[in-house]
Amino acid sequence: MEGIPLNLNYKVPIKGYEKFWESLKEGQVWGTSCTKCGEKYFPPQLHCSKCGASTTWFKVSEEGELLTYSIVKAKPQGFEGYEDYTIALVRTKEVDLMCWLSGEPRVGAQVRIGADGRRVTCLIK
Amino acid sequence: MTRVAVVGVGTSKFGKRDDASVRELAWEAISEAMIDAGITQSDVKLAVVGSTAYRGVELYPAPPVAEYSGLVGKTPMRVEAACATGSAALFSAYNAVKAGTADVVLAVGFDKMTEVDTASSLAVGGRGGNYTWEFQMFGTTFPTYYALYATRHMAEYGTKEEDMALAAVKAHKYASMNEKAHLRNRVTVEDVLKSRVISWPIKLLDSSPISDGASAAVVVSEEVARKLKVEPVWVQGIGYSSDTSSISRRGEWTSLRAAREAAAEAYRKSGVTPHDLEYATVHDCFTIAEIMAYEDLGLVERGKGGTLLREGQTERGAKTAVNLFGGLKAKGHPLGATGLAMVYEVVKQLREEAGIVQQQFRNYVALTHNVGGTGHYAYVSVFRR
């Protein structure tokens, strides 16, 4: 028999992280660094995992190297309407991060990092 | 402190089990394990229930399973460690016996994964890393996570899609001999390479199926083990570790750090080395995972996992046989059941009750390697008869 559907409608808190989400709209990616020990964090976090001090924001460099990638064909709920997308991990001089990649992917390729308003993106140079 | 033994094991048929709710499914495994051990519910002091539960209608499955199985009053919690949930249940049972909290503990793991549609299932799995910083922005899926490792392994070590396909060929071959396995068809390298791309380079036939199933083990103290008629299989040591939720924070994508650390700890606690292993079950949720498991367990050096497959060095009769019941890849991977299905497999093998896939033992040393998420959790356990 049919089960009763369970609809889970979420609200996700972004307090303290407004800088990150707003910067995406300007095509920028920001991480945080510890005010005491200097450890850099991406994804950003408000407290340092190592020394417990608070963190401050820094802008992640736009230059990076492609570390690995996957082309997503079978998409999850919430992404059904998208064309196939490529998820990549890239290394900048400060942090490693995940992004949606455009261009012909090749491990080791140089990429330019930006944002499309909703997520981190990178483009093969 | 007491030694800890497994004296009974049971496992349901794995597959799309729309003939059973989670209650009947768990009972298949529980009843077999109790009969195997020669005990009844009244002997059980504690039952540890493992289930991820997010893909079935029973989101809090411990009470209905306990009620159905006659274990009411003995199930104070449910444990969860994603795909390593079964090992988390074993670990909890082991610790309870070791600490003297309970001398007869039933560990049961199960999941009904096919009660939701595939898109919902992918959405649950895609949250297996970090929701806000990965799934929300990028639409990660669980295959994507392992695909990121596969791509890097290919780039760094020259591993080929054909090498990964060999893991699937092997898994299906042995699953075809296992009447409880989910996928019992044989496949060829070409079948795997031509199968639908899910998250490149992972294709449908590189992936374990979405399965329903349950497995259970009766875990007891040495004193209890000596009184029972069944030959005990001793838990020599359980190693565990975990890793970052964000896949981008790992710093390496060719090996699972948590699995390496869990293996090192299991070897240290049990006093065995990779060289001593005669049998292993490894967490081959995707074919690349089997290759990395060989390396993470120290069966072969980093980057050479594919060689073991090409040379048939993990087949039945090899020095260390791996996954002769068909692996997650073809036997099936009902998340909560998997770790205990591995225990079922090594116990059957060590007791020489594995029928046509029986490995020959000289020293009776076997291991389970169970990974949760994409190396978010790892348990490696060593067993001896």
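Can you confirm whether B:ALA171 is under 26 Å from B:SER121 (Cα atoms), assigned to a helix (DSSP H, G or I), at pLDDT 95 or above and within 14 Å of chain A (Cβ to nearest Cβ)? Spelling it out, it is not the case that B:ALA171 is under 26 Å from B:SER121 (Cα atoms), assigned to a helix (DSSP H, G or I), at pLDDT 95 or above and within 14 Å of chain A (Cβ to nearest Cβ).
Is it true that some residue in segment A:89-105 is among the polar types (S, T, N, Q) and away from chain B (no Cβ under 12 Å)? So far as segment A:89-105 goes, yes, one or more of its residues are among the polar types (S, T, N, Q) and away from chain B (no Cβ under 12 Å). Of all residues in segment B:161-207, those that are of a type in the set (A, V, I, L, M) and touching a residue at least 60 places away in the same chain (Cβ under 8 Å) total 12.
Restricting attention to segment B:58-70, the residues that are surrounded by fewer than 22 Cβ atoms within 10 Å (Cβ to Cβ), in contact (Cβ under 8 Å) with a residue 40 or more places away in the chain and touching a strand residue (DSSP E or B) at 6+ places or on another chain (Cβ under 8 Å) total 1.
Every residue, every condition in (1) assigned to a helix (DSSP H, G or I); (2) β-branched (Val, Ile, Thr); (3) free of Cβ contacts under 8 Å to residues at least 12 places away in the same chain, yes or no:
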position	(1), (2), (3)
B:ALA96	yes, no, no
B:ALA107	no, no, no
B:THR114	no, yes, no
B:ALA119	yes, no, yes
B:GLY129	no, no, no
B:THR140	no, yes, no
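When B:ALA66, B:ALA150 are checked against the criterion of being assigned to a helix (DSSP H, G or I) and either touching a Pro at 6+ places or on another chain (Cβ under 8 Å) or within 14 Å of chain A (Cβ to nearest Cβ) (or both), a single residue qualifies: B:ALA150. Checking B:GLU252, B:GLU290, B:GLU265 one by one, the residue that is surrounded by 20 or more Cβ atoms within 10 Å (Cβ to Cβ), among the acidic types (Asp, Glu) and outside any strand (DSSP E or B) is B:GLU290 and no other.
For segment B:1-54, the set of residues classified as in a helix (DSSP H, G or I), surrounded by 20 or more Cβ atoms within 10 Å (Cβ to Cβ) and hydrophobic (A, V, I, L, M, F, W, C) consists of B:VAL22, B:LEU25, B:ALA26, B:TRP27, B:ALA29, B:ILE30, B:ALA33, B:MET34, B:ALA37, listed by residue number.
Checked against the criterion of being part of a loop (DSSP other than H, G, I, E, B), within 14 Å of chain B (Cβ to nearest Cβ), loosely packed, with under 14 Cβ neighbours inside 10 Å and free of Cβ contacts under 8 Å to residues at least 40 places away in the same chain, segment A:28-37 has no qualifying residue. Each residue in segment B:298-336 was checked for being out of contact with any Leu (no Cβ under 9 Å at 6 or more places or on another chain) and part of a helix (DSSP H, G or I), and 5 pass. Look at B:PHE135 and say whether it is out of contact with any Cys (no Cβ under 6 Å at 6 or more places or on another chain), away from every other protein chain (no Cβ under 14 Å) and buried (at least 19 other Cβ atoms within 10 Å of the Cβ). It is false that B:PHE135 is out of contact with any Cys (no Cβ under 6 Å at 6 or more places or on another chain), away from every other protein chain (no Cβ under 14 Å) and buried (at least 19 other Cβ atoms within 10 Å of the Cβ).
The values are calculated or read from the model by the stated rules, or taken from the named source; none is laboratory data. Everything quoted here is computed from the prediction, not taken from an experiment. Counting neighbours? That spans all protein chains shown, and the Cβs are built from the backbone with ideal geometry, glycine included.
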